[in-house]
Amino acid sequence: MTTLALSSFTRRLRDSVEGEVMDDAFSRGRYATDASIYQIMPRAVVVPRTCDDVRNVISLAREEGVSVLPRGGGTSQCGQTVNDAVVIDCSKHLNRLIELDVEAGTCVVEPGIVLDELNRQLKPHGLWYPIDVSTASRATIGGMAGNNSCGGRSLRYGMMRDNVLAIDAFLADGSTARFAEAGVAGEPGFVADLLALGAREQAEIADRFPKVMRRVGGYNIDALVPNGTPANLSSLLVGSEGTLAWSDKITLKLSPLPVRKAMGVCHFPTFHAAMDVAQHIVKLDPVAV
């Protein structure tokens with residue numbers, strides 16, 4: 001896209017959103033990096049104020065043939081939040097705890113809420129979101145969902161895909177869809193095709209997908225394989241790095257705050273000895289190793 005075309009595109013963006021639109025070299029340069037070694041200048045940066053802003057950006061980008069890239073705290077270590085695209089930064093305004101059901105142990109959040117801030121609001125209710133990544137002071141829930149984050153306590157609590165119940169999303173064509181347990185009201189019209197794909201390819205998926213707990217590479221199409229329980233379609237968006245849809249609202253499964261904590265420290269003469277014994281420590285059912 002030429003400089004003239006870029007200027008025309010950003011003018012259209014400014015006319016279509018309430019939030020900020022930045023295309024100057026300094027602002028774009030700030031969003032050209034994350035916690036990785038990669039550096040790519042974006043076409044423009046949008047800081048939306050509302051969900052309608054996001055929908056309008058996606059619509060304009062589709063017309064112009066420009067990619068869009070969701071961004072939270074920029075803590076990605078493999079370049080997931082940099083690209084030759086319109087970067088949409090949801091961390092400034094789209095960061096609310098929308099709904100909390102203490103009895104059910106669930107909440108609904110916007111993608112830009114930071115993990116530590118969410119847990120600060122949950123703590124008075126005796127709850128927390130236990131995917132405790134090391135960047136919790138700045139990592140956003142939307143980014144964690146896109147990355148299928150794990151955290152140090154995944155032995156006990158699992159990964160993001162295990163703790164996301166539903167995602168309300170905008171698709172590339174501008175339509176809205178709810179990705180949740182299959183069979184519930186409001187699910188996308190293409191669900192039948194997705195489930196048919198999972199049934200048809202289940203042998204190939206079983207053969208090709210590694211049998212490890214913290215598998216976070218690629219799309220989670222194994223979530224479509226029939227296993228006797230309804231497929232949760234939100235697992236398709238978790239780990240997709242924002243390439244399939246924009247997550248507008250994310251419904252999370254919460255856990256009770258631990259009331260008792262204990263830590264054991266083991267000393268080993270060599271690194272190999274420490275690594276070798278980890279397989280035996282795991283059998284003791286710790287929260288983390």
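The values are calculated or read from the model by the stated rules, or taken from the named source; none is laboratory data. Because the structure is predicted, anything quoted here is derived from the model rather than measured. No Cβ is skipped: glycine too gets one built from the backbone with ideal geometry, and neighbour counts run over all protein chains shown.
Are any residues in the stretch 145-162 in a loop (DSSP other than H, G, I, E, B) and small (Gly, Ala, Ser), and if so, which ones?
Answer for the stretch 145-162, where residues must be in a loop (DSSP other than H, G, I, E, B) and small (Gly, Ala, Ser): Ser149, Gly151, Gly152, Gly158.
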Those residues that are of a type in the set (Val, Ile, Thr) and either in the same structural domain as Ile131 (by TED's automatic domain parsing) or farther than 18 Å from Trp128 by Cβ (or both), I need them from the stretch 260-289; list them, please. Val265, Thr270, Val277, Ile281, Val282, Val289
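In this structure, is Gly74 surrounded by fewer than 21 Cβ atoms within 10 Å (Cβ to Cβ) and at positive phi?
In short, no.
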Single match in Val238, Val225 (criterion: touching a residue at least 60 places away in the same chain (Cβ under 8 Å) and assigned by TED's automatic domain parsing to the domain that holds Asn147): Val238
What's the number of the only condition in (1) under 18 Å from the mean Cα position of the chain (by Cα); (2) of a type in the set (A, V, I, L, M, F, W, C); (3) surrounded by fewer than 12 Cβ atoms within 10 Å (Cβ to Cβ) that Ile113 fails to meet? (3)
Just one of Leu165, Leu122 is assigned to a strand (DSSP E or B) and in contact with a strand residue (DSSP E or B) (Cβ under 9 Å, 6 or more places away or on another chain); which is it? Leu165
Identify all residues within the stretch 75-109 that are out of contact with any helix residue (DSSP H, G or I) (no Cβ under 8 Å at 6 or more places or on another chain), assigned to a loop (DSSP other than H, G, I, E, B) and within 25 Å of Trp128 (Cβ to Cβ); write none if there are none. Gln77, Ser91, Lys92, His93, Arg96, Glu103, Ala104, Gly105
So is Gly264 of a type outside the set (Lys, Arg), in contact with a Pro (Cβ under 8 Å, 6 or more places away or on another chain) and assigned to a loop (DSSP other than H, G, I, E, B) or not? no
Top-ranked residue of the stretch 205-246 - restricted to ones that are in a helix (DSSP H, G or I) and within 21 Å of the chain's Cα centre (by Cα), ranked as surrounded by the fewest Cβ atoms within 10 Å (Cβ to Cβ): Ile221
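Does Ala136 count as in the same structural domain as Asn232 (by TED's automatic domain parsing), at pLDDT below 95, under 30 Å from Arg12 (Cβ atoms) and not charged (D, E, K, R)?
In short, no.
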Give the residues of the stretch 166-190 that are crowded, with 17+ Cβ neighbours inside 10 Å and either of a type in the set (A, V, I, L, M) or free of Cβ contacts under 8 Å to residues at least 12 places away in the same chain (or both), sorted by residue number. Ala166, Ile167, Ala169, Ala177, Ala180, Ala182
Condition set among the acidic types (Asp, Glu) and assigned to a loop (DSSP other than H, G, I, E, B), scope the stretch 179-204, selection modelled with the lowest pLDDT: answer is Glu187
